[in-house]
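Where a number appears in this text, it was derived from the coordinates with a stated rule and is not lab data. Given the structure is predicted, the values throughout are model-derived calculations rather than measurements. FYI the Cβ positions are ideal-geometry reconstructions off the backbone, even for glycines, and counts take in every protein chain you see.
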Amino acid sequence: MTPMALSERLEPVARRPVLASGVLGMLLFVFTEVMMFAGMISAHTIAKAGAPEWPPFGQPRLPERITLVNTAVLLLSGAVLFWAGRTWKRKPADAAPPLLLALFLGAFFVLAQGREWVALLGEGLTLTSSTYGAYFYLIVGGHALHALAAIMGLAWAWRRLWTGALTPAQFGATRVFWYFVVLVWPVLYLTVYL
Amino acid sequence: MTSARRFLPLLAVLMLALPEVLHACPVCFDPRAENRLAFLGTTVFLSLLPLGMVAGAAVWLRRQYRQRDYSEDFTTHSEPEH
């Protein structure tokens, strides 16, 4: 065997990464966000257990039913994005309509939440009206901020997809963040609303 | 012996005798069972959640690596020789 042939044989083989760096980075970020929400949920649970009355006297009850419908819309949005991901693997251009639909469903969720907030503020539930109000706006408001950021991410991904510039890593990272927003919400709903 | 050193034993006695027992955790010794359970539950939740996430990620990555290795081996072995 010639030295040339030997060096050719020993050359490292380029291997396909199992996870794109962008997706890994987003996953690490999501892990920290999960812990932040876990901390807020825990604090809320302890405050609720220690309170003689929950919701406190004079504070409105949270709209459970309408929020349940809103929760279904958000979950549907997650399912549509999952479908967009499956479509992307077959033919990337075909993923644009479901991606846009997921974006609109997410925007509907945030707008409906905003409408609910306006009604609750009118009923006297504010950030400083009670611990109940403080936890509600902190937890649900924190989630709304994440949802807004994720919607902007979806819009950015859709634009790049439309121009043919969206990479699999970018789409993967955007989807991971939206799945986090979707999946953390039922936990928050069960903790805060019920 | 300086005056400061002379007062050290007295200071030590005072530090041992004067402080009252304080509990940093406001709910650990709460008489209400619901409160104690909430504290215990959230402690378990916050302790296990990060471990669960890391373990889940490790298992998932291991499976992905195995699948990749299997598919690459399969591709290499099934390649026609030139």
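The figures follow:
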quantity	calculated
Two-decimal Rg to Rh for the stretch A:136-194 - Kirkwood Rh, Cα set	1.11
Cβ-Cβ FRET estimate between A:TRP117 and B:LEU40, R0 fixed at 45 Å, reported to 0.05	0.85
Spin-label zone in the stretch A:154-187 - amide nitrogen under 19 Å from a point set 7 Å from the Cα of A:LEU19 along the C-beta vector	A:168-184
Charge dipole magnitude, Cβ of K and R +1, D and E -1 - the stretch A:1-160, Cα centre, debye nearest 20	620 debye
Sequence ranges A:62-73, A:81-92, A:169-180, ranked by mean other-Cβ count within 10 angstrom, highest first	A:169-180, A:81-92, A:62-73
Dipole of the protein assembly as shown, positive end: most advanced residue of A:ALA119, A:TYR179, A:VAL23 [Cβ charges, Cα centre]	A:VAL23
Size of electric dipole in the protein assembly as shown: Cβ of Lys, Arg +1 and of Asp, Glu -1, about Cα centre, debye, nearest 20	140 debye
At q = 0.10, 0.11 Å⁻¹, base-10 log of I(q)/I(0) for chain A (Debye sum, equal scatterers on each alpha carbon)	-0.51, -0.59
Label-to-label distance, nm, for residues given as B:GLN67 and A:ALA155 (7 Å Cα→Cβ offset)	3.4 nm
Segment A:ARG86-A:GLU33, extension gain: residue separation times 0.36 nm, minus the distance between their alpha carbons	16.5 nm
Neighbour-count ranking [beta-carbon atoms within 10 angstrom, fewest first] of A:TYR193, A:TYR132	A:TYR193, A:TYR132
Relative exposure of A:PHE136, B:PHE39, A:PHE29, judged by other C-beta atoms within 10 Å (fewest first)	A:PHE29, B:PHE39, A:PHE136
Average beta-carbon neighbours from other chains, 10 Å sphere, peptide A:44-52	5
Two-site FRET efficiency, B:TRP60 against A:GLU53, from Cβ-Cβ distance with R₀ of 41 Å, rounded to 0.05	0.40
